[in-house]
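Every number here is computed from the coordinates shown, using simple stated rules; none is lab data. It should be emphasised that the depicted structure is a prediction, and the values quoted were computed from it without experimental measurement. Note that we place each Cβ from the backbone using ideal geometry, even for glycine, and neighbour counts take in every protein chain shown.
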Amino acid sequence: MSVLSVQEFLFAASGWPTQFSLSELFRSDLARQKGYDNLPTSAQLTNVRRFVSEVLLPARRVWDGPLLVLSCFRSKATNQAAGGVATSYHLANRGAAADLTTASKSAESVAELFNLLKDSATVPFAELIYYQSGTPRIHIGWDNDPQQNVRELLVKQADGSFRRYGAGGVTV
Ligand SMILES: [Zn+2]
């Protein structure tokens, strides 16, 4: 399936929820540096749109405040340039993913966000990652097959390794 043109993209995305702007979901500084657009196919756009309504908007309600998207959709070229794995939910081929932070961007508030989301009955996810170093943030990955949303919890530690936990199995 071919990538949408800018005009097709803007038309297909009309009526997008205002709480999460198109520019923050599809922006990629890396793509801009490398000189190409970070545009989806229509199927990828559909996945991101469902992700907004089924995951990001419920997450915002659970948090009861704005959430900032650091990175969401990555085209194949952007993902390769970023060194991402070929199965990344950021590619929006089988769901979607976002790296999120809070308005204050403090480590404490992001930990609180992680703890709220992991126990939330209204926010489905396949994987939820808490980053112990770097910009305080979480990664939430969602699958468009509900059976795959197994609520796996991971903590990325300061040495770069991941610790895996089952659903509900960690508080940060
Ligand atoms: Zn991510």
Per-peptide average of other Cβ atoms within 10 Å, ordering 130-137, 52-59 highest first:
52-59, 130-137
Using a 10 Å cut-off around each Cβ, can you sort LYS156, LYS105, LYS118 from fewest to most neighbouring Cβ atoms?
LYS105, LYS156, LYS118
For LEU4, what residues show an amide H to amide H distance below 5 Å, using hydrogens built from the backbone and excluding near sequence neighbours?
THR41, SER42
Stokes-Einstein D in µm²/s, Kirkwood radius over Cα pairs - the stretch 59-119 at 10 °C with 1.306 mPa s viscosity
124
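Between beta-carbons, use under 15 Å as the cut-off and find the net charge around ALA31, counting Lys and Arg +1, Asp and Glu -1. Before the final figure, lay out the partial values.
Details: positive: ARG27, ARG32, LYS34, ARG74, LYS76; negative: GLU24, ASP29, ASP37.
Every neighbour counted, the sum reads +2.
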Treating only the Cβ of Lys, Arg, Asp and Glu as charged (+1, +1, -1, -1), what charge dipole size does the stretch 6-165 show about its Cα centre? Round to the nearest 20 debye.
200
Compare the Cα positions of GLN147, SER106, GLN44 along the charge dipole of the chain (+1 at Cβ of Lys, Arg; -1 at Cβ of Asp, Glu; about the Cα centre) and return the one farthest towards the positive end.
GLN44
Please find, in a Gaussian network model of the chain (springs between Cα atoms separated by less than 10 Å), the residue of VAL62, VAL48, VAL85 whose mean-square fluctuation is greatest.
VAL85
Measure off 7 Å from each Cα along the Cα-to-Cβ vector at LEU30 and SER2, then give the distance between these two points in nanometres to one decimal.
2.6
Compute the projected area of the convex hull of the Cα atoms of the stretch 1-117, averaged over all viewing directions, and report it in nm² to one decimal place.
7.5
Relative contact order (%) - criterion: Cα under 8 Å, at least six apart; region: the chain:
18
May I ask you to sort TRP16, TRP63, TRP142 by Cβ crowding, counting other Cβ atoms within 10 Å and putting the fewest first?
TRP16, TRP63, TRP142
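Based on other C-beta atoms within 10 Å, arrange VAL172, VAL69 from fewest to most. Intermediate values should be presented prior to the final figure.
On the way: VAL172 16, VAL69 19.
Ordered from fewest to most neighbouring Cβ atoms within 10 Å, VAL172, VAL69 come out as VAL172, VAL69.
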Need one word for the stretch 56-172: rounded, prolate or oblate. Basis is the Cα gyration tensor (sqrt eigenvalues a ≥ b ≥ c); a/c below 1.5 gives rounded, then a/b vs b/c decides.
rounded
Tilt of helix 42-51 relative to the longest C-alpha principal axis of the chain, in degrees (0 to 90, nearest 10)?
30
